[in-house]
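Read through the structure below, which is laid out as C-alpha cells, and then see the notes.
The values are calculated or read from the model by the stated rules, or taken from the named source; none is laboratory data. Bear in mind the structure is a predicted one, so any value in this text is a computation, not a measurement. Reconstructed Cβ throughout: ideal geometry from the backbone, glycine too, with neighbour counts over all protein chains shown.
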Amino acid sequence: MLEKGVKFLEEYRKDIMEKKGKLRVSYDLWEMHEGVSVYSLACMYSAYEAMLNVYDVLEEEFVSNRLKQDEVLKEKEILNQGKDDLKRYVQNNLYDEEKKSFVRNEMDKRMDISLLGLVTPFEMFMPKDKKILNTIERINMNLRTYTGGYLRFEDDHYTGDRPWVIATLWMALYYIKANDIKHAKECFDFVVNSATNHGFLGEQVENREMKSAWVIGLAWSHAMFVIVLEELIKLNVI
C-alpha cells in the first residue's frame, strides 16, 4: 500500500518537475487555492523520508529475497534522488529573492503560516537556516496580530480578521524546534488565555476580548494544543 502511494507521488513529482502538466495541481491545506504549493511539496519530501525509514525497519524481512533486496535498493535510490529534487525545486522556485522569503505557491506569493511546514512537521529545512529565518521574520511582520496570535495567511478575512488557534500553536511548534522557548511559551499562553471556562478552544480568537470565537470545541485546535503541550512537558517548561 505504501509503495503504491509513493509511486503516485513520484508521478506527481515528475509531472511538476518536468512541467508536463498532465496532472492537476493540488489545493492548499486550507482548500482555497490551487497551485504548486510549498506545503504539498514539503509533505511529499517527508513521505519519501518516511518510506526510506520503512525500508530500513523491514530490511531483515528481505534477507532471503534477493529480488526484493534489489528492488528496494533501486527504490531507495529513487526516493533519495526525489528528496533532493524536491528540496532543490522549492529552493529555486518557491523562494522569492525580492521578499527574501519562501512563498506559499508559484502563482500566489502571499505569506502563509503553512510555510512553517518546511520545518515542522516535514523537516525539509532546519529551523535556523537563513532562508527560514527570513521567512519567519516576514511571517511575524504580516501574520502576527497586535495581541500575539497569528492569522493563517495575508488577507485572511474568513469570518473576520481574527487569529487562529492552529496558526498560533503552529508558530509555537516552530519556536520549540528553534529552541526559542520564550516565544513558544508566549504563543501557547495566548491560546490558553483564550479558552472558555470549561477549557474549550475555538477555531479563532476574538482579539478585543481575548475569547474563543466561531467554532468552539474545534478538534483541530485541541489536537494541535495536545501536540504543543506534550513538547513543552518534555522540555520541563510547564
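In summary, D56 fulfils each of the numbered conditions (1) in contact (Cβ under 8 Å) with a residue 40 or more places away in the chain; (2) assigned to a helix (DSSP H, G or I); (3) surrounded by fewer than 16 Cβ atoms within 10 Å (Cβ to Cβ); (4) not hydrophobic (A, V, I, L, M, F, W, C) with the single exception of condition (1).
For every residue, the table says whether it meets (1) crowded, with 16+ Cβ neighbours inside 10 Å; (2) at pLDDT 95 or above.
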position: A47; (1), (2): yes, yes
position: A50; (1), (2): no, yes
position: Q69; (1), (2): no, no
position: Y89; (1), (2): yes, no
position: E106; (1), (2): no, no
position: V119; (1), (2): yes, yes
position: F125; (1), (2): yes, yes
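For the range 72-80, indicate whether the set of residues that are part of a helix (DSSP H, G or I), in contact with a helix residue (DSSP H, G or I) (Cβ under 8 Å, 6 or more places away or on another chain) and among the acidic types (D, E) is non-empty. There is at least one residue in the range 72-80 that is part of a helix (DSSP H, G or I), in contact with a helix residue (DSSP H, G or I) (Cβ under 8 Å, 6 or more places away or on another chain) and among the acidic types (D, E).
Restricting the first member to the range 9-31 and to residues that are among the small types (G, A, S), and the second to residues that are surrounded by 10 or more Cβ atoms within 10 Å (Cβ to Cβ), the beta-carbon pairs closer than 8 Å and six or more apart or on different chains are G21/D15; S26/E34; S26/G35; S26/V36; S26/S37; S26/S40.
Mind telling me which of the residues L9, L41, L2, L29 ends up being of a type outside the set (V, I, T) and loosely packed, with under 13 Cβ neighbours inside 10 Å? Outline the logic, then answer.
On the way: L9 fails: loosely packed, with under 13 Cβ neighbours inside 10 Å; L41 fails: loosely packed, with under 13 Cβ neighbours inside 10 Å; L29 fails: loosely packed, with under 13 Cβ neighbours inside 10 Å.
Result: L2 is the single residue among L9, L41, L2, L29 that is of a type outside the set (V, I, T) and loosely packed, with under 13 Cβ neighbours inside 10 Å.
Of all the criteria given as (1) crowded, with 24+ Cβ neighbours inside 10 Å; (2) in a loop (DSSP other than H, G, I, E, B), the one not satisfied by Y146 is (1). Against the numbered list (1) on the phi > 0 side of the Ramachandran plot; (2) part of a helix (DSSP H, G or I), E31 comes up short only at (2). Applying a threshold of 8 Å to beta carbon distances and a minimum spacing of six or more residues, or different chains, the list of pairs starting in the range 200-215 at a residue that is under 16 Å from D156 (Cα atoms) and ending at one that is of a type in the set (K, R) reads Q204/R162; V205/R162; V205/K211; E206/R162; N207/R162; A213/R162; W214/R162. Selection of the range 121-149 for residues being in contact with a helix residue (DSSP H, G or I) (Cβ under 6 Å, 6 or more places away or on another chain) and either more than 16 Å from R104 (Cα to Cα) or in contact (Cβ under 8 Å) with a residue 60 or more places away in the chain (or both) yields F122, M124, P127, G148, G149.
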